[in-house]
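Here's the structure, in structure tokens; my notes come after.
What follows is calculated from the coordinates using simple rules that are stated; it is not laboratory data. Predicted model, so just to flag it, every value in this text is computed and none were measured. Backbone-built Cβ (ideal geometry, glycine too); neighbour counts: all protein chains shown.
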């Protein structure tokens, strides 16, 4: 397996992705009209690889290749397709094929598809679903986006405490094909309140006459339908679950979130944070490289415009201190060094703090201790760099003025940058905003303005103190 760009891809012995090879073969066979050979080619291919191969085909051939899949396999392949390919297929397939496809999808995958479709298309498809599937889909769509309720599936196996182990095994065998997972089994009472959980291993190893109430675990970790999807991911990661139960406000079991859905959440959140760290609007997550150039520019220009305006303050500070620069022109040569160092130190602090907030590892330290710790680290970094920078600046300036100005400013800037880099993400987190918005570009720009002011003001004070002002 080869991991690239957040996607795990099956590769051949020579390192070529399997999907690329299958897609090339599909293209040749479809253009030649050899449909029987296409069926034979796709038969041994895993669903996820088949989906990737079909996605690489021209749009005109995607629907044709998809129609040649066996019915049961087609549903699974469809769920692995990129949202853009899913929408394209819905437009090209016949109405009856579309309805059958959407009807057979698992509820959580169907909801994710509906989130990508125009509202008019969703309303039409909802009306055409069977009453049971329409009710489940409407229920999931009724929850807020990016919550456990929107992420969960209603396909799970629930047991009763009075069931014997033998009866429970029969229930599992009967419902296994229609459920998301059989490895975690949930126990509910007559009102569907969650009362316990047991693993398939516990059930298989139990005596056939044992009651489920005697072998289950009553200490159940669950999440609410309103729990944010990031918290759901943390719960599954913390307890090494394959699935976590979801309960409503009355503690009734309404669904489960499985680990495969959580992996999608982790990738989605990581993509969003990386885009924010680079001052790029996330958009629809991974569709960035499929977007047209105008959309790409629109996503990047907003933050760039803010940063350009902020950098304008740096120019104003330099203009206001023009008298100092006129007296000692060499001071200007060290401005890039100081603001670059301040930006880098601030970016490092913001990166570790944002990551600590994401993993919740920062909670053991606390916000104030984190800020103080980073401030001290910034001061230490400044002292270490003074050893190299100050002698060089003293020599280049042919006297103490430039060397002292650079040294004092460097220490102040690194301390300030590290403190701001830690404090601003923590402040945004406290305000219930995304800490990733306090990303490297923003921190760098803020420290640029402050750094130039500190440097030139320090030089002005030293000039006056030395009687040169």
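Please report, in Å, the Rg and the Dmax of the chain, where both are computed over Cα atoms only.
29.8, 97
Only helical DSSP H runs with n ≥ 4 go in: add -39500 (n - 2.57) per run for the chain, normalise by residue count and round the 222 nm mean residue ellipticity to 500 deg cm²/dmol.
Working: 22 runs with 304 residues, N = 469.
Taken over the chain, the calculation gives -21000 deg cm²/dmol.
Using label points projected 7 Å from each Cα along Cα→Cβ, tell me how many nm separate residue 158 and residue 189, to one decimal.
The two pseudo-label positions are separated by 1.3 nm.
Provide the FRET efficiency to the nearest 0.05 for the residue 115-residue 319 pair, computing r from the beta carbons and using R0 = 35 Å.
Numbers: r = 50 Å, r/R0 = 1.43.
Taking R0 as 35 Å, the efficiency between residue 115 and residue 319 is 0.10.
Once both labels are modelled 7 Å past Cα along the beta-carbon direction, what's the residue 372-residue 67 spacing in nm?
7.2 nm
Counting other beta carbons within 10 Å of each Cβ, put 326, 193 in order, fewest first. It would help to have the intermediate numbers written out before the result.
Values: 326 9, 193 13.
Fewest to most other Cβ atoms nearby, the residues stand as 326, 193.
For a quick protection proxy, order the peptides 246-256, 359-369 by their average other-Cβ count within 10 Å, most packed first. Walk me through the intermediate numbers first.
Values: 246-256: 18.9, 359-369: 12.5.
Those peptides, ordered most packed to least, come out 246-256, 359-369.
Using a Förster distance of 41 angstrom, determine the FRET efficiency expected from the C-beta separation of residue 427 and residue 242, and round it to 0.05.
Result of the calculation: an efficiency of 0.65.
Can you give the FRET efficiency for residue 294 and residue 358, using 1/(1 + (r/R0)^6), R0 = 30 Å, r = Cβ-Cβ distance, to the nearest 0.05?
Plugging the Cβ-Cβ distance into 1/(1 + (r/R0)^6) gives 0.40.
Just rank 222, 95, 349, fewest to most, by other beta-carbon atoms within 10 angstrom.
On the way: 222 17, 95 10, 349 29.
In order of increasing Cβ crowding within 10 Å: 95, 222, 349.
I want the antiparallel fraction of DSSP beta bridges within the chain, as a percent rounded to 5. Walk me through the numbers on the way to the answer.
Numbers: 19 of 23 bridges.
Percentage antiparallel, nearest 5: 85.
Quick check for you: which residues of the stretch 161-180 have the amide N under 13 Å from the point 7 Å beyond the Cα of residue 214 toward its beta carbon?
The answer is 162-166.
Going by average Cβ neighbours within 10 Å, how do the peptides 385-394, 22-31 rank, with the highest at the top? If you can, show how the numbers build up before the last one.
Values: 385-394: 15.8, 22-31: 17.5.
Descending packing order for the listed peptides: 22-31, 385-394.
For the stretch 343-401 and the stretch 98-139, what is the separation of their Cα centres, given in Å?
That distance is 52 Å.
Please arrange 35, 143 by counting, for each residue, the other beta carbons lying within 10 Å of its beta carbon, fewest first.
Working: 35 14, 143 19.
Fewest to most other Cβ atoms nearby, the residues stand as 35, 143.
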